[in-house]
Structures are given as structure tokens and as C-alpha cells.
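**Student:** What follows is a structure written as C-alpha cells; I'll ask about it next.
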Amino acid sequence: MEKRGQLIIISGPAGTGKGTVVKKLLERNSDMSLSISATTRGPRPCETDGVEYYFKRRQEFEKMISEDAFIEYAEYNGNLYGTPKKAVLDKLEQGISVILEIEVQGAANAAKAFPEAILVFLAPPSMEVLRARLTGRGTETADVIENRMKIAERELCRAEDYHYIVVNDTVEEAAEEIECILTAERLKVSKNKALLDSLNK
Ligand code: 5GP
């Protein structure tokens, strides 16, 4: 039986540990991949074009919008971020599941375009832990941290738009819980009509 990949959207405030949880999922599941987004944000010192993001000038990004090259895009903190369409569709077709690690507005738009997408909201154990994680990164100024905390509060209000909420207390457990979600989604009767038809012959 042909197997299409699952489209998994993971959102959550900066500092929740989305990146680490996604990395763990990729290590544990060879049939999963991460979509590389395009952004107009400048690269951080440790980032490489084509690895963490495709870094674009605003004009280039806007050209991609006009060419309908994105599944979704959104403005976040003054920069544009978008999910390139072709790479995602190709992988799903090949039976490879694709994770989109994106913010809440883009997630809502992607869910409209792909109703079968599985939306997971990754939450911190508490706001104190979130602040400590943001401060601990050591890469951002106090102003930036305050701004990110405000954005986090707004993002948490959007968790109700998601299908599942996973608390990132430990990375291992969060990854396991997401794997359980994906298994349950795969076993839904509505997604196994062909199997039922073959049994009912
Ligand atoms: P950062 O600048 O810290 O890498 O990312 C800022 C926010 O943009 C994060 O919440 C991240 O998940 C989100 N983001 C990254 N790529 C995309 C994308 O393609 N689309 C949308 N809508 N958000 C994205």
C-alpha cells in the first residue's frame, strides 16, 4: 500500500525548545524530515544558508510570494518567514513525513491549506522556566527577552487552535509524546478506508 508522509506542524514560544525536540525526532525517525524555511532575518553567527534557513532579501522573498512558492508565510518580529511549497510536497509524496517548525499565524494558514496537517503546540513547563531558558541562551539582550516573553504570552493564547499540546519538560519525553500522537493519527479509521474496504470484500 502506498504511504504518504504526515505533515506535522510544531509551534510554541521561542525558548520552549522546539529545535531540540525536533532534532530528537529526526534522530529517532529516519522517515521524517524538517522543512527548511526562507526568512528575511539575517543569519545568527552559528547559522548557515541552506541549513537552518534560506536567507533572503525582502525583495527576493516578495518575489517568491508572488510566484506562490510558499505553503504559508508570516511576519514575526519584523521579519518574514515562509515554508517553501515544492520541497514539502515532494517529500510527502515520497512517503517522508515533514515537520514545519513555524509560528502560530503561519500554522493557522498552513492548516487551512492542508486540513490533514497535525498541529502540535509545544509549551514550556512554566513561564519562569521559559524566561530562564531565554536568558540562559546568552544570545539576546534584556529588551529582546522582554519582547519575546510578550510574544510568548500572545502565542500561548493561540494554543487552543492546535490539536495537541505537549509540555517540553524533558526532550526525550516530549519527542516520545509526539511520536505517540503521530501513531494515533495514523491509526484513525478515517485514514484507513482502503484497509477497511479490502477487509470487507
Ligand atoms: P527565529 O528567528 O528565532 O529562528 O524564528 C522566529 C519564529 O519564526 C519561530 O517561532 C519559528 O518557529 C518561526 N518560523 C520559522 N520558520 C518559519 C516559517 O517558515 N513560517 C512561519 N510562519 N514561521 C516560521
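**Student:** Does Ala87 fit the bill of being touching a strand residue (DSSP E or B) at 6+ places or on another chain (Cβ under 7 Å), among the aliphatic types (A, V, I, L, M) and within 12 Å of the ligand (Cβ to nearest atom)? Write out each step before concluding.
**Tutor:** On the way: touching a strand residue (DSSP E or B) at 6+ places or on another chain (Cβ under 7 Å): no; among the aliphatic types (A, V, I, L, M): yes; within 12 Å of the ligand (Cβ to nearest atom): yes.
Considered against the rule, which asks whether it is touching a strand residue (DSSP E or B) at 6+ places or on another chain (Cβ under 7 Å), among the aliphatic types (A, V, I, L, M) and within 12 Å of the ligand (Cβ to nearest atom), Ala87 comes out as no.
**Student:** Taking the range 92-106, which residues are away from the ligand (no atom under 15 Å from the Cβ) and either surrounded by fewer than 20 Cβ atoms within 10 Å (Cβ to Cβ) or not small (Gly, Ala, Ser) (or both)?
**Tutor:** Leu92, Glu93, Gln94, Gly95, Ile96
**Student:** From the residues in the range 27-48 that are hydrophobic (A, V, I, L, M, F, W, C) and within 14 Å of the ligand (Cβ to nearest atom), which one is least open to solvent (accessible area, probe 1.4 Å)? First the steps, then the outcome.
**Tutor:** Step one: filter the range 27-48 for residues hydrophobic (A, V, I, L, M, F, W, C), giving 32, 34, 36, 38, 46.
Still in the running and within 14 Å of the ligand (Cβ to nearest atom): 34, 36, 38, 46.
Working: Leu34: 62, Ile36: 47, Ala38: 1, Cys46: 105 Å².
So the residue we want is Ala38.
**Student:** Now for a separate question. Asp90 - would you say it is outside any strand (DSSP E or B) and either at pLDDT 95 or above or under 23 Å from Leu26 (Cα atoms) (or both)?
**Tutor:** On the way: outside any strand (DSSP E or B): yes; either at pLDDT 95 or above or under 23 Å from Leu26 (Cα atoms) (or both): yes.
For Asp90, the condition - outside any strand (DSSP E or B) and either at pLDDT 95 or above or under 23 Å from Leu26 (Cα atoms) (or both) - is met.
**Student:** Ok, one more. Looking only at the range 2-25, decide whether some residue is among the hydrophobic types (A, V, I, L, M, F, W, C) and either surrounded by fewer than 19 Cβ atoms within 10 Å (Cβ to Cβ) or without any contact (Cβ under 8 Å) to a residue 40 or more places away in the chain (or both). I'd like the intermediate steps shown before the answer.
**Tutor:** First, the residues of the range 2-25 that are among the hydrophobic types (A, V, I, L, M, F, W, C): 7-10, 14, 21-22, 25.
Subsequent filtering for residues that are either surrounded by fewer than 19 Cβ atoms within 10 Å (Cβ to Cβ) or without any contact (Cβ under 8 Å) to a residue 40 or more places away in the chain (or both) retains none.
No, the range 2-25 has no match at all.
Residue by residue, here is whether (1) in contact with a helix residue (DSSP H, G or I) (Cβ under 8 Å, 6 or more places away or on another chain); (2) over 25 Å from Ala174 (Cα atoms); (3) assigned to a helix (DSSP H, G or I); (4) of a type in the set (A, V, I, L, M) holds:
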residue: Ile8; (1), (2), (3), (4): yes, no, no, yes
residue: Val22; (1), (2), (3), (4): no, no, yes, yes
residue: Val51; (1), (2), (3), (4): no, no, no, yes
residue: Met64; (1), (2), (3), (4): no, yes, yes, yes
residue: Thr83; (1), (2), (3), (4): yes, no, no, no
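**Student:** Would you pick out the residues in the range 113-157 that are farther than 29 Å from Pro45 by Cβ, surrounded by fewer than 16 Cβ atoms within 10 Å (Cβ to Cβ) and within 13 Å of the ligand (Cβ to nearest atom)?
**Tutor:** If the condition is that a residue be farther than 29 Å from Pro45 by Cβ, surrounded by fewer than 16 Cβ atoms within 10 Å (Cβ to Cβ) and within 13 Å of the ligand (Cβ to nearest atom), then Ala113 is the only one that fits.
**Student:** Let me ask something else. Taking interchain pairs and intrachain pairs at least six residues apart, which have beta carbon atoms under 6 angstrom, with the first residue in the range 67-78 and in a strand (DSSP E or B) and the second open to solvent by 70 Å² or more (accessible area, probe 1.4 Å) and not charged (D, E, K, R)?
**Tutor:** Ala74/Gln105
**Student:** Continuing with this model, one more query. Please go through (1) modelled with pLDDT under 95; (2) out of contact with any Pro (no Cβ under 7 Å at 6 or more places or on another chain); (3) surrounded by 13 or more Cβ atoms within 10 Å (Cβ to Cβ); (4) within 27 Å of Ile65 (Cβ to Cβ) for Tyr162 and return the number of the only condition it doesn't satisfy.
**Tutor:** (1)
**Student:** Can I ask one more? Taking into account only those residues within the range 54-82 that are open to solvent by 70 Å² or more (accessible area, probe 1.4 Å) and within 12 Å of the ligand (Cβ to nearest atom), which is farthest from Ile151 (Cα to Cα)?
**Tutor:** Step by step, filter the range 54-82, then rank; the result is Tyr54.
**Student:** Report yes if Val51 is loosely packed, with under 12 Cβ neighbours inside 10 Å and hydrophobic (A, V, I, L, M, F, W, C), otherwise no. Full working, then the answer.
**Tutor:** On the way: loosely packed, with under 12 Cβ neighbours inside 10 Å: yes; hydrophobic (A, V, I, L, M, F, W, C): yes.
Criteria met by Val51.
**Student:** Restricting the search to the range 108-126, which residues are farther than 12 Å from Tyr73 by Cβ and touching a Leu at 6+ places or on another chain (Cβ under 8 Å)?
**Tutor:** Answer for the range 108-126, where residues must be farther than 12 Å from Tyr73 by Cβ and touching a Leu at 6+ places or on another chain (Cβ under 8 Å): Ala111, Phe114, Glu116, Ala117, Ile118, Ala123, Pro124.
The values are calculated or read from the model by the stated rules, or taken from the named source; none is laboratory data. These numbers come from a predicted model, not from an experiment. A quick note on method: Cβ atoms are made from the backbone with ideal geometry, for glycine too, and the neighbour counts reach across all protein chains shown. In case anyone asks, the SASA skips ligands and DNA or RNA and just uses the protein heavy atoms, side chains included. Shrake-Rupley method; radii C 1.70, N 1.55, O 1.52, S 1.80 Å.
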